[in-house]
Amino acid sequence: MEKSYSKNLKSASLILMANFAYPRLFEPLDLKFTRLKNRVMMGSMHTGLEDHSRNLNVLKDYFVERSKGGVGLIVTGGYSPNWLGKVSPFAASFNTKSVARAHQELTTAVHQAKAYDGTGAKICLQLLHAGRYSYHPFLVAPSRIKSPITPFTPFKLPAFLVEKTIHDFANAAQLAQQAGYDGVEIMGSEGYLIHQFLAARTNHRSDQWGGTFAHRMKFPIEIVKAIRKRVGNEWIIIFRISLLDLVEGGSTPQETVALALELEKAGVTFFNSGIGWHEARIPTIATVVPPGAFASVTADFRKNVNLPVVATNRINHPGLAESILEKGQADLISMARPFLADPHFVNKAARNAASEINTCIACNQACLDHIFVAKKATCMVNPQAAEENIWAQRKFSATSENTSQRKKTKKVAILGSGPAGLSAAFHAADLGHDVTVFERSGDIGGQFTLASLVPGKSDYAETIRYYREQLRIRGVQLLLNTLLPTNPASLKEKLQGFDAVVVATGVKPRDPKIEGQNLPQVYAYDQFLKKKIKPGKEILIIGTGGIGVDVATTILDSHHESPNAIQDFMNHWGIDPSKRSGLNPDFKPVLNPIQITLLQRSEGSIGKGLGKTTGWIHRLDLKRMGVRVISKVKYKKIVPEGLILEREDGRTEMLRADQIILCAGQESVNEYESILKEIGIPHWVIGGAKFAGELDAKRAIREGMEVAYQISELVPELVPEGN
């Protein structure tokens, strides 16, 4: 009977798969007691909504939107099984019946959502005990060893509390089952408590929970056994297992496989891949990591276990996911941030519309950077992420046929097509307005076009592609190579008939006004990047902000252009998956033969404005590559031989250079605001045109969205805010 069912299921799956452009991605996965409708898992990512019960409805809407979007399985952000394991004093825990009851509406709504196939997703609750990564003074760990990324030293868990913690995991899982969850994911990687027990780096115990690896792995095994005993055999238990620790004192590949085989016996349903501890000084999910960089590591692990295995980290395109599955490197694909960027990622893949996907570019600026400073996560390229309820209500209000005194379609002019202008154009058109974009250059993209030229940032071009496709679908008129007049009468005539104008004309390089800067060996940063100037041997970069760092990275880093990008990345960062912790013990950074010196007027670390979770990568890499930084200087004069400057102590010095690149910041391009005020056309100024800052695309894209809604909601007349 069971064989007949499996055969019929397989036949039905093959018929279904034949209808998709990515057939492996949409193949159901039979877990024997239940079935996942496709091979896409929305991986766990904390949003901050989990931490307060008042946000539970918002969290529900967030998950429901992804369930409608077609994902097969959702894993929530981390919930601690007890108070001691909370990431922070007000972080989420799942340890009472009242919490379980409160979540029942959420799980029901997720299950009832309808995606491309008319069904909703399954959803699992992640159980995460932070251990020494907790940000509160009562944190606990296997041993009294402080984490380098948290301020408190943990208390050593006594043996009776180790057993109590195992009980708390099982209790939390049982409560999740009562709440309607389809399973749990046990966070056993990334340096949290379970991982701390596994690693000799953090477990210096001599009792039954420490010492040999056989003793150190007892803690996760007992947790799985206790959970399985509580929830029965027909309920999902995912174990997130670390395949590469990327810190000294981690596990060997053989130890990881030994742990996995014991976890299989204990009752795990399938394994999710974990890559790196949070304290590791090697990038694992930032934009500098090549897409799919760690899929081969998952593939090697998969060969040695008997259960399905999930590939994760920097997988952001259905074609890449399909390829990983087709090669047999994994059984499922986990994507977290891509579902912040586009909750309907899977639906679009199902109808072969990958060009319409809003791709995650791994910038981390509005997701992880927010979480690490206790702010709610959202997404730079999709500011509505984790705010779905707010924007759905505003959209309904703005487009409702029952709203009185509303001019349903307004004619909107967008001046500029950088990130701010593209966002404004997309959202205004999405709200039903007649939108025209005026762009003075030959193509859209603005500063994102420049960013996409930086090694490791090529995905920024995906955002431009997304907007281009969305504007086409929505019938936005795009006028390239069109420079509007600055004469008031001419501009008024050109904009006649428009109800609103959005000024999104962006930024230009700031002129540092250094004598001699017109010499042929001196380049503005945009000129250097666009023309792909061949680097010299001695280069001075004036300015140490994000742009200066990007230019230095462009000069030094070429592995993203290589056909062997993943192996080059591994070599560059000293990663060897066959060794303990995944680290090459003989690794030594190779100095680049190009001598680069970064210069700044003030004092402080380079890369001001870089993200919290990505800035360290660039600073560390440039330091390892031998880039010099000189602070507190005054630029006196550029001469054919180099740059004459004045040091802090008053000494005059000449630094030799065959190239000098000006990265001294940006200034707004905004020649239209005063004219629009004069001729009386309602207008808004957004993005870099409003404030140059540090090329803040997160603010620019959000302002573009907000202004579109402001234009829609103003009744009965258009009166811009602040005017």
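The values are calculated or read from the model by the stated rules, or taken from the named source; none is laboratory data. This structure is a prediction, so every number in the text was calculated from the model and none was measured. Reconstructed Cβ throughout: ideal geometry from the backbone, glycine too, with neighbour counts over all protein chains shown.
Assorted remarks:
- Search result, residues across region 623-654 that are in contact with a Ser or Thr (Cβ under 9 Å, 6 or more places away or on another chain) and among the basic types (Lys, Arg): Arg628, Lys632, Lys636
- Residue list for region 258-282, restricted to those being among the hydroxyl-bearing types (Ser, Thr, Tyr) and within 18 Å of Lys579 (Cα to Cα): Ser273
- Selected residue (only one of Asp550, Asp568 is among the charged types (D, E, K, R) and buried (at least 21 other Cβ atoms within 10 Å of the Cβ)): Asp550
- Of the helices (runs of 4 or more DSSP H) lying entirely inside region 192-295, those carrying at least 3 residues that are without any contact (Cβ under 8 Å) to a residue 60 or more places away in the chain are 213-216, 218-231, 253-266.
- The residue that is surrounded by the most Cβ atoms within 10 Å (Cβ to Cβ), among those in region 480-524 that are of a type in the set (A, V, I, L, M, F, W, C) and in a helix (DSSP H, G or I), is Leu491.
- Residue list for region 69-92, restricted to those being over 24 Å from Ile357 (Cα atoms) and buried (at least 22 other Cβ atoms within 10 Å of the Cβ): Gly78, Tyr79, Ser80, Pro81, Leu84, Gly85, Lys86, Val87, Ala91, Ala92
- Residue among Val110, Val87, Val99 that is within 30 Å of Arg281 (Cα to Cα) and β-branched (Val, Ile, Thr): Val87
- Number of residues in region 526-542 that are touching a Pro at 6+ places or on another chain (Cβ under 8 Å) and crowded, with 23+ Cβ neighbours inside 10 Å equals 1.
- Residue match in region 270-278 (condition: of a type in the set (S, T, N, Q) and surrounded by fewer than 22 Cβ atoms within 10 Å (Cβ to Cβ)): no
- Subset of region 573-597 [part of a helix (DSSP H, G or I) and buried (at least 20 other Cβ atoms within 10 Å of the Cβ)]: Trp573, Ser581, Gly582
- For beta carbons closer than 7 Å, sequence separation of 6+ or different chains, a first residue in region 665-680 that is more than 27 Å from Pro512 (Cα to Cα) and a second that is hydrophobic (A, V, I, L, M, F, W, C), the qualifying pairs are Ile675/Leu491; Leu676/Val501; Ile679/Leu491.
- In this entry, Ile149 passes the filter for residues that are exposed (fewer than 15 other Cβ atoms within 10 Å of the Cβ) and either within 25 Å of the chain's Cα centre (by Cα) or polar (S, T, N, Q) (or both).
- Residue in region 224-239 that is aromatic (Phe, Trp, Tyr) and within 28 Å of the chain's Cα centre (by Cα) present: yes
- Residues within region 531-541 that are at pLDDT 95 or above and either under 30 Å from the mean Cα position of the chain (by Cα) or in the same structural domain as Leu453 (by TED's automatic domain parsing) (or both), tallied: 1
- Condition check for Ala266: more than 19 Å from Ala159 (Cβ to Cβ) and hydrophobic (A, V, I, L, M, F, W, C): yes
- Residues (within 24 Å of His46 (Cα to Cα) and of a type in the set (A, V, I, L, M, F, W, C)) located in region 300-329: Val309, Val310, Ala311, Ile315, Ala321
- Summed over region 598-614, the residues that are at pLDDT 90 or above and surrounded by fewer than 20 Cβ atoms within 10 Å (Cβ to Cβ) give a count of 1.
- When residues in region 98-114 are screened for being closer than 17 Å to Val75 by Cα and not in a helix (DSSP H, G or I), 1 of them pass.
- For region 639-655, the criterion of being touching a residue at least 24 places away in the same chain (Cβ under 8 Å), surrounded by fewer than 16 Cβ atoms within 10 Å (Cβ to Cβ) and more than 30 Å from Cys379 (Cβ to Cβ) is satisfied by at least one residue.
- Any hit, region 286-304, residues being in contact with a strand residue (DSSP E or B) (Cβ under 6 Å, 6 or more places away or on another chain), under 18 Å from Ile237 (Cα atoms) and either at pLDDT below 95 or charged (D, E, K, R) (or both): yes
- The residues on offer are Val288, Val231, and the sole one that is buried (at least 17 other Cβ atoms within 10 Å of the Cβ), within 28 Å of Ala170 (Cα to Cα), among the hydrophobic types (A, V, I, L, M, F, W, C) and assigned by TED's automatic domain parsing to the domain that holds His129 is Val231.
- Count of region 598-621 residues which are β-branched (Val, Ile, Thr) and not in a loop (DSSP other than H, G, I, E, B): 1
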